[in-house]
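S.K.: Before I ask anything, here is the structure I am working with.
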């Protein structure tokens, strides 16, 4: 294999890895905490422990989000955007959704 071709292949692999990294690991938990505070905190509490008054009013058991932190990102995104049980879907998408999921992952025990 000639050296020019190797350099071009190496550049391609590096660019592909950088693009994948920006997508897969580009989520920002700190930014997600701000979105969480605006859209989730009222029901799920500041640290994901659940709001007992909301749980009582809705007659549900709210499990701590630290339990959900072990779920896959895809499953968390589906629950957030589609809702589950009595939880309504949350209007969040794109980078904000990725960031919220990254924040929830930080709540893992």
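S.K.: Out of curiosity, is residue 16 modelled with pLDDT of 95 or more and over 20 Å from residue 89 (Cβ atoms)? Spell out how you get there, then give the answer.
M.R.: On the way: modelled with pLDDT of 95 or more: no; over 20 Å from residue 89 (Cβ atoms): yes.
Spelling it out, it is not the case that residue 16 is modelled with pLDDT of 95 or more and over 20 Å from residue 89 (Cβ atoms).
S.K.: Give me the helices (runs of 4 or more DSSP H) completely within the range 37-91, filtered to those with at least 3 residues that are under 14 Å from the mean Cα position of the chain (by Cα), ordered by residue number.
M.R.: 65-68, 73-82
S.K.: For residues in the range 75-109 being surrounded by fewer than 17 Cβ atoms within 10 Å (Cβ to Cβ) and closer than 15 Å to residue 29 by Cβ, which is modelled with the lowest pLDDT?
M.R.: 108
S.K.: Give me the pairs, please: first residue somewhere in the range 38-49 and free of Cβ contacts under 8 Å to residues at least 40 places away in the same chain and at positive phi, second residue anywhere and part of a loop (DSSP other than H, G, I, E, B) and surrounded by 15 or more Cβ atoms within 10 Å (Cβ to Cβ), beta-carbon distance under 6 Å, and either six or more positions apart or on two chains.
M.R.: Close Cβ pairs satisfying both conditions: 45/51.
S.K.: Confirm whether residue 56 is modelled with pLDDT of 95 or more and under 17 Å from residue 92 (Cβ atoms).
M.R.: Values: modelled with pLDDT of 95 or more: yes; under 17 Å from residue 92 (Cβ atoms): no.
No, not satisfied.
The values are calculated or read from the model by the stated rules, or taken from the named source; none is laboratory data. Just so it is clear, the structure is predicted and the values come from calculations on it, not from any experiment. Note that each Cβ is placed from the backbone with ideal geometry, even for glycine, and that neighbours are counted across all protein chains shown.
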